[in-house]
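Scroll down for the structure; my scribbles are underneath it.
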Amino acid sequence: MRALSVLILSALPAAAQDAPVLTFPVVCELGETCMIQQLVDRDAGPDALDFTCGPMTYDGHRGTDIRVPDMEALAAGIPIVAAAPGTILGTRNNVPDTGIGGFPEGQDCGNGVVIEHEDGWQTQYCHMAQGSVLVRTGDVVAAGDALGEMGFSGSTEFPHLHLTLRHEGEVVDPFDPTDSATCGEGASPLWGEPVPLAQGGILSVGFAQAVPEFDAIRAGTADAATLRADADAIVIWGFFHGGRTGDIVTATITAPNGAVFHTQEIALEATQAQLFRATGRRIREPIAPGQYIGTITISRDGVPLDQATTSVTVN
């Protein structure tokens, strides 16, 4: 088995001739069951900018990160497929799904696959699930053929697929392969079907009887199906990706009789790839039983960016 190649931090090419038409490499519903969290860093210096001139990247990031909300979603099995036809150049399949701190030196990509396409093009698929890789070096695959499943292996803080596209060893941004767009305007992406790109949004929402630990939110275990009427508090929380300084999170809890039980606006004070916010109301006396509705909205520059609703039964 050949080792996976190292990500090459070279300059982005000025042109992308004879590029393959790309199939989206994750079998999911983009914007619903999966989200794009990070893009290729287009800044040559120590700063970071995505192809839209936004902060949806970090310094030196050389790929597209497609994530699921949490580890609970990952456990359902998220298929990874070939983005274009080609020949398998290398695979790795034995790195534990433990994220940062749990992978051997030099295996930042974790488990994954490298495919060689025509005319000097390659795609690399990182952070796949241990033992899930289905292909071997030398196999010939078509676009959409199964490669394995999304995982949590290698240098990663969240479950996702990191896809890197290269031409003659140089990293290419599939959203703007010719590097000719002006902050996203005029880009000619390589995707065969339109790939909607949300500049941030909601990953998950839920209720709890206290502000949950971030680890529980990332694991997908923080949301309660029921709460006691005499609990210490009723709390609604939201888990977000791509939050920016100045974004406004509005959280509202509605009582069974339709009255507003609690509401609060929270301004984000920093730009973060992933974050959560929680708010609620202490319970001094037992509250009315029934179904409580929670709504989380994140707005940017006065315009709603995303909204999600959840509910909990109070007994």
Residue check, Thr137 crowded, with 23+ Cβ neighbours inside 10 Å, over 21 Å from the mean Cα position of the chain (by Cα), at negative phi and not small (Gly, Ala, Ser):
no
Given the conditions (1) under 20 Å from the mean Cα position of the chain (by Cα); (2) outside any loop (DSSP other than H, G, I, E, B); (3) crowded, with 17+ Cβ neighbours inside 10 Å; (4) in contact (Cβ under 8 Å) with a residue 60 or more places away in the chain, report the number of the one that Glu72 does not fulfil.
(3)
In this structure, does Leu197 turn out to be in contact with a Ser or Thr (Cβ under 6 Å, 6 or more places away or on another chain) and closer than 18 Å to Val27 by Cα?
no
If Leu89 meets every condition in (1) open to solvent by 20 Å² or more (accessible area, probe 1.4 Å); (2) part of a loop (DSSP other than H, G, I, E, B); (3) of a type outside the set (Ser, Thr, Tyr) apart from one, which number is that one?
(2)
Going by the structure shown, is Ser204 of a type in the set (Ser, Thr, Tyr) and open to solvent by less than 30 Å² (accessible area, probe 1.4 Å)?
yes
In region 208-232, residue farthest from the chain's Cα centre (by Cα) [restricted to those that are under 10 Å from Ala278 (Cβ atoms) and buried (at least 16 other Cβ atoms within 10 Å of the Cβ)]:
Ala208
Can you confirm whether region 196-207 contains a residue that is of a type in the set (S, T, N, Q) and within 21 Å of the chain's Cα centre (by Cα)?
yes
In this structure, does Gly154 turn out to be open to solvent by less than 20 Å² (accessible area, probe 1.4 Å), under 25 Å from Asp41 (Cα atoms), at pLDDT 95 or above and outside any strand (DSSP E or B)?
yes
Among the residues listed as Thr64, Thr33, the single one being under 20 Å from the mean Cα position of the chain (by Cα) and surrounded by fewer than 18 Cβ atoms within 10 Å (Cβ to Cβ):
Thr33
Based on what the data block shows, is Phe51 within 27 Å of Thr271 (Cβ to Cβ) and part of a loop (DSSP other than H, G, I, E, B)?
yes
Every residue in region 265-315 that is over 20 Å from Ala216 (Cα atoms), open to solvent by less than 70 Å² (accessible area, probe 1.4 Å), assigned to a strand (DSSP E or B) and not β-branched (Val, Ile, Thr), please.
Ala267, Gly290, Tyr292, Ser299, Arg300, Leu305, Asp306
Mind listing whichever residues of region 157-174 are in a loop (DSSP other than H, G, I, E, B) and open to solvent by 10 Å² or more (accessible area, probe 1.4 Å)?
Glu157, Phe158, Glu168, Gly169
If we keep only residues of region 208-229 that are part of a loop (DSSP other than H, G, I, E, B) and of a type outside the set (A, V, I, L, M), then the residue nearest to Glu72 (Cα to Cα) is Gly220
So, of the residues in region 239-264 that are outside any strand (DSSP E or B) and touching a Lys or Arg at 6+ places or on another chain (Cβ under 7 Å), which turns out to be surrounded by the most Cβ atoms within 10 Å (Cβ to Cβ)?
Asp247
Counted residues in region 181-222 being more than 27 Å from Gly151 (Cα to Cα), small (Gly, Ala, Ser) and without any contact (Cβ under 8 Å) to a residue 12 or more places away in the chain come to 1
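The values are calculated or read from the model by the stated rules, or taken from the named source; none is laboratory data. From a predicted model like this one, the values you see are computed outputs, not experimental measurements. With ideal geometry, Cβ positions are generated from the backbone for all residues, glycine too; neighbour counts draw on all protein chains shown. Calculation scope for accessible area: heavy atoms of the full protein, side chains included, ligands and nucleic acids excluded. Shrake-Rupley method; radii C 1.70, N 1.55, O 1.52, S 1.80 Å.
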